[in-house]
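Novice: Submitted below is the structure of interest, expressed as structure tokens.
The values are calculated or read from the model by the stated rules, or taken from the named source; none is laboratory data. Just so it is clear, the structure is predicted and the values come from calculations on it, not from any experiment. Note that each Cβ is placed from the backbone with ideal geometry, even for glycine, and that neighbours are counted across all protein chains shown.
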Amino acid sequence: MKAYQSKFIKIALMLLLNQIYTVWEEKDNIITLLSFNISEAFSRILQKQLTHVMKHKKVSRWLINWIFFFMLNRKIILIFDNQKSKILNILIRILQDFFLFLILFLFYNVEFLEICNSTKVEVNSLAFINNVNLLIYKLITERNCKQLEAIHDRCLLWIKKYRTLFASEKYILIHFLKKRRFNMKVLI
């Protein structure tokens, strides 16, 4: 999985750089990037929310049912030599390195990404599993930050609704510009 992660990171950086250069070709805008991370992503996925999103996206019923039951707390009784054990819990943990995690998280995150890609505010989002990057470009740094703050406020409502967390230590705000005539000290 590590080889895939490296490849995906390179692809994500290429997409980001392509967006930046495309904007600069059109206008001399300031590009502001807000990058953050969803903490403990899979352990916080709500089973009902995931299956709801999959139904909404018209995933086949048998697959939705399989995933729903896959995520349930399972129990087992072991029988050996005509002896039965007590009921035992089977704990299922899906690591982020597991491909199923990547697929399920895309479905789980779809509403969040729709919030980030709002048509009311011109913003481009680039998500890589649980890493989210919001890219906005205007002529004024302050306007970029104000619009990113509005989108971030909507994202906070989503995380509260679905009991998710953002990793506060992984927030990054970066301004990209061609010339140094802009206010680079503006914060969100």
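Novice: Checking the structure you have, find out if any residue of segment 134-154 is exposed (fewer than 14 other Cβ atoms within 10 Å of the Cβ) and closer than 26 Å to Leu102 by Cα.
Specialist: Checked segment 134-154: at least one residue is exposed (fewer than 14 other Cβ atoms within 10 Å of the Cβ) and closer than 26 Å to Leu102 by Cα.
Novice: Now for a separate question. Those residues that are at pLDDT 70 or above and surrounded by fewer than 16 Cβ atoms within 10 Å (Cβ to Cβ), I need them from segment 25-48; list them, please. Working first, answer last.
Specialist: Filtering segment 25-48 for residues at pLDDT 70 or above gives 25-39, 47-48.
Matches in segment 25-48: Glu25, Glu26, Lys27, Asp28, Gln47, Lys48.
Novice: State yes or no: is Leu63 part of a helix (DSSP H, G or I), surrounded by 13 or more Cβ atoms within 10 Å (Cβ to Cβ) and either at pLDDT 75 or above or not assigned by TED's automatic domain parsing to the domain that holds Val132 (or both)? Explain how you work it out, then say what you get.
Specialist: Working: part of a helix (DSSP H, G or I): yes; surrounded by 13 or more Cβ atoms within 10 Å (Cβ to Cβ): no; either at pLDDT 75 or above or not assigned by TED's automatic domain parsing to the domain that holds Val132 (or both): yes.
Taking the combined requirement at face value, the residue does not satisfy it.
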